[in-house]
Amino acid sequence: MQSHTLTYMIRTFCAFILLLISGNAYCSANQDTKYLYRVLDQKLDSQSIFRARKQEKINILTKELFRHGLSITDRYYVCSHLYDEYIAFNFDSASVYVNKSIDYARQMGNEDFLATSLVNKSHILAVAGMFDEAESILGEVDTARISHNSLALYYSQMSDLYLYKAEFTLGTEYYMNSLKTLRHYRILPLKYARKGTFEYYNALANHEGDLNHYKKACEILLPYFRTLHSGDRQYSIVASTLAFFYKQLGNEKEREYFLLLCAISDVEGSITENTSLRELASLLMDNRQYDRAYRYLNASIDDAIFYGTRLRNIQASQLIPKVITGYHANQMQKKRIEITFIIVLSLTTVLLIVALLSIMHFRRKEQESAKDVAEANRKLQKVNALLNETNDRLQKTNGRMREMNLIKEQYITRFLKLNSHFIDVTEEKRKEYNRLARDKRMKELYEAIKSQRLEDEETELFYVNFDEAFLNIFPDFLEKVNKLLKEGEKIEQRSSTRMKTDLRVLALLRLGITDNKEISSILRSSITTIYTYRSRLKSRAIDHEHFEDQVMSIDKFD
C-alpha cells in the first residue's frame with residue numbers, strides 16, 4: 001500500500017514539473033491568437049504583393065501621361081493622380097509629379113489648380129522635415145483668388161505643417177509655440193470645407209480634441225470612419241487619429257484596436273509614410289512582446305527608408321534606446337527562467353533520490369517476494385525515464401535559448417549600425433538634393449535621383465554585414481554544407497568573411513526563411529534566379545529530396 005502511494009506521489013510531482021516547464025510557452029501561444037495581430041502579420045507577409053499592385057496602377061497612369069495628343073488640362077489631372085498615388089508611397093516621385101502639376105497649372109492660369117498643387121508640394125516638404133521651405137511654398141498661394149474648397153485644403157495643410165513641426169520639436173522649448181499655431185489653423189478649414197468631406201470631419205474632430213473633448217471627437221469621427229475602406233489613406237489617417245484620442249482618454253484597448261486597423265490599412269494601401277507600425281512596436285515593447293515588436297519596428301524603418309524622408313527616419317531611430325532596453329530586459333527574463341529551471345530540476349533530483357532510497361528500502365524489505373521485487377524495479381525504471389525526459393527537455397530548451405540569443409545579439413548589433421548608417425546617408429542625400437534644387441540645377445537633381453549607385457553601395461554593405469554576422473554564428477557552415485554535396489560539386493568560398501550567392505541562399509534557409517519571394521527580396525534577385533539556385537543546389541546534393549531539410553538542421557538544437 002505504501003509502495004502504491006509513493007508511486008502516485010512521484011507521478012503527480014513529475015506531471016506538475018512538466019506542466020510548469022511548458023507553461024510559459026502556452027501563455028505566449030495564447031497571446032498570439034488575437035485576430036487583428038494575425039491579420040496584420042499575414043498582410044506583412046504579403047507586403048510585396050500589395051506594392052506590386054500599387055506599382056502596376058502607377059505604371060498605367062505613367063503611360064497615360066505620355067499618350068499622344070493629351071491636352072495640358074489632361075496632363076495636369078494625370079500628374080495630380082500620380083501625386084496622389086505617390087504622396088504616401090515615395091517622396092522623390094511625389095516631388096517630381098507635384099512640380100509638373102505646378103508647371104501645368106501656371107500654363108493654364110488656373111488659380112485653384114495652382115493653389116492645390118502648391119499645397120500638395122508644401123505637404124511633402126513638411127513630411128520631409130523641410131518646414132521653412134513648406135511654409136514659403138504656402139506663401140505663394142493667393143488666398144483672395146481661390147475657391148472655398150481650395151481654401152479648406154490650404155488651411156488644412158497649414159495645420160498639418162505645424163503638426164509635423166510639433167512632432168519634430170517634441171520635448172524642446174519650441175513645442176508649445178508649434179502646438180499653439182497648430183490649434184489656430186485647425187479650426188479655419190471649418191469655415192470653407194463642405195460638410196461631409198474628409199477636411200470637414202478631420203478639422204471638426206481635431207478642434208474638439210484641442211478643447212480636450214476627446215469623447216466628443218470620437219463620436220464625430222466614428223460614423224464617418226465606417227464609410228471609409230481599409231487601404232485608403234484617409235481610412236488610415238482617421239484610424240490613427242481615433243487611436244490618439246483613445247490614448248488621451250486612457251482607453252489603451254481601443255487605442256491598440258485602431259492602431260492595428262491603421263497598420264493593416266497602411267500595408268494594404270502600400271502607405272510607407274506612416275506611424276502606425278512604429279507606435280505598435282513601442283506599445284508591444286511596453287507589454288514585453290519583444291519578438292513581434294522587433295518585426296514591426298523593422299517594417300517601420302524599412303517603410304521610412306523606402307519613402308525617403310529624414311523626419312520618419314529620425315522618429316524611427318528614436319525608438320532604438322527603447323529597443324536596447326527591451327532587449328536587455330528580455331535577456332534578464334530568460335536568465336530568470338533558466339534559474340527557475342535549474343531550481344526545479346534540483347528539487348526534482350532531490351525528490352527522485354528520496355524516491356529511489358525509499359524504493360530500495362522497500363526492495364530490501366520485500367526480497368522474499370519476487371513479484372514485489374519486479375514491481376519495485378519497474379517503478380525505478382519509470383522514475384529514471386521521467387528524470388531522463390526532464391533532463392532532455394531542459395537541455396533542448398537551453399540549447400534553443402543559446403542559439404536564439406546568439407542570433408539576436410549578432411543581428412541587433414548589425415541592425416543598429418546599419419540603421420545609423422542609412423540615416424546618415426539619407427541626411428547627406430537630402431542635403432545634396434536640396435542644394436541642387438536651391439541652385440535650380442534640375443538636370444543634375446534628376447540624374448542624382450535616377451542614379452543606381454547609392455542603392456548598389458547600400459546593397460553591397462548589407463551583404464557584407466549579413467555575411468559577417470552569419471559566419472560569426474555558424475563558422476563551420478560551409479564545411480557542413482559541403483558534406484551534403486557530391487564529390488566535385490563542393491562550394492568554394494572566396495574568403496573567410498564573404499559568401500557567394502548560392503551559399504547566401506542556403507544561409508537564409510538555415511535562418512528559417514524558405515519563401516522564394518522573401519529570399520529574392522533580401523538578396524535583390526529575381527524569383528526565377530532564386531528558384532534556379534535552389535534547384536541546382538538540390539541536383540548537386542547527395543540526398544536530393546532531403547537536402548534543404550538537412551541544411552536547416554545544421555547546428556540546430558532539436
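The values are calculated or read from the model by the stated rules, or taken from the named source; none is laboratory data. Bear in mind that the values here come from a model prediction, so they are computed numbers and not experimental data. Glycine also receives a Cβ, built like all others from the backbone with ideal geometry; neighbour counts cover every protein chain displayed. Heads up: the accessible areas ignore ligands, DNA and RNA and are worked out on the full protein's heavy atoms, side chains in. Shrake-Rupley method; radii C 1.70, N 1.55, O 1.52, S 1.80 Å.
What the table below lists for this structure:
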{"item": "Breaking point among (1) open to solvent by 80 Å² or more (accessible area, probe 1.4 Å); (2) under 30 Å from the mean Cα position of the chain (by Cα), for Gln234", "result": "(1)"}
{"item": "Cross-chain or 6+ apart pairs with Cβ under 9 Å, segment 267-288 first and without any contact (Cβ under 8 Å) to a residue 40 or more places away in the chain and among the polar types (S, T, N, Q), then buried (at least 23 other Cβ atoms within 10 Å of the Cβ) and assigned to a helix (DSSP H, G or I)", "result": "Asn287/Ala293"}
{"item": "Residues (open to solvent by 10 Å² or more (accessible area, probe 1.4 Å) and among the polar types (S, T, N, Q)) located in segment 275-299", "result": "Thr275, Ser282, Asn287, Gln289, Asn298"}
{"item": "Scan of segment 76-131 for residues that are of a type in the set (Asp, Glu) and over 24 Å from Ser265 (Cα atoms), ordered by number", "result": "Asp103, Glu111, Asp112"}
{"item": "Every residue from segment 85-113 that is in a helix (DSSP H, G or I), open to solvent by 30 Å² or more (accessible area, probe 1.4 Å) and not hydroxyl-bearing (Ser, Thr, Tyr)", "result": "Asp92, Val96, Asn99, Lys100, Asp103, Arg106, Gln107, Met108, Glu111, Asp112, Phe113"}
{"item": "Filter result for the condition that a residue is under 30 Å from Leu170 (Cβ atoms), touching a residue at least 24 places away in the same chain (Cβ under 8 Å), polar (S, T, N, Q) and open to solvent by less than 10 Å² (accessible area, probe 1.4 Å), over Ser159, Ser122", "result": "Ser122"}
{"item": "Odd one out for Ala316, checked against (1) at pLDDT 85 or above; (2) open to solvent by less than 20 Å² (accessible area, probe 1.4 Å)", "result": "(1)"}
{"item": "Test: residue in segment 465-482 that is closer than 30 Å to Phe91 by Cα and either among the acidic types (Asp, Glu) or surrounded by 15 or more Cβ atoms within 10 Å (Cβ to Cβ) (or both)", "result": "yes"}
{"item": "Hits in segment 58-76 - residues which are more than 30 Å from Thr275 (Cβ to Cβ) and in a helix (DSSP H, G or I)", "result": "Lys63, Glu64, Leu65, Ile72, Thr73, Asp74, Arg75, Tyr76"}
{"item": "Selection status of Gly512, exposed (fewer than 12 other Cβ atoms within 10 Å of the Cβ), out of contact with any Lys or Arg (no Cβ under 7 Å at 6 or more places or on another chain) and over 23 Å from Asp45 (Cα atoms)", "result": "no"}
{"item": "Boolean, Arg255 is open to solvent by less than 30 Å² (accessible area, probe 1.4 Å) and over 17 Å from Leu44 (Cβ atoms)", "result": "yes"}
{"item": "Matching residues in segment 129-156 - criterion: being open to solvent by 20 Å² or more (accessible area, probe 1.4 Å) and under 14 Å from Tyr185 (Cα atoms)", "result": "Glu135, Leu153, Tyr154, Tyr155, Ser156"}
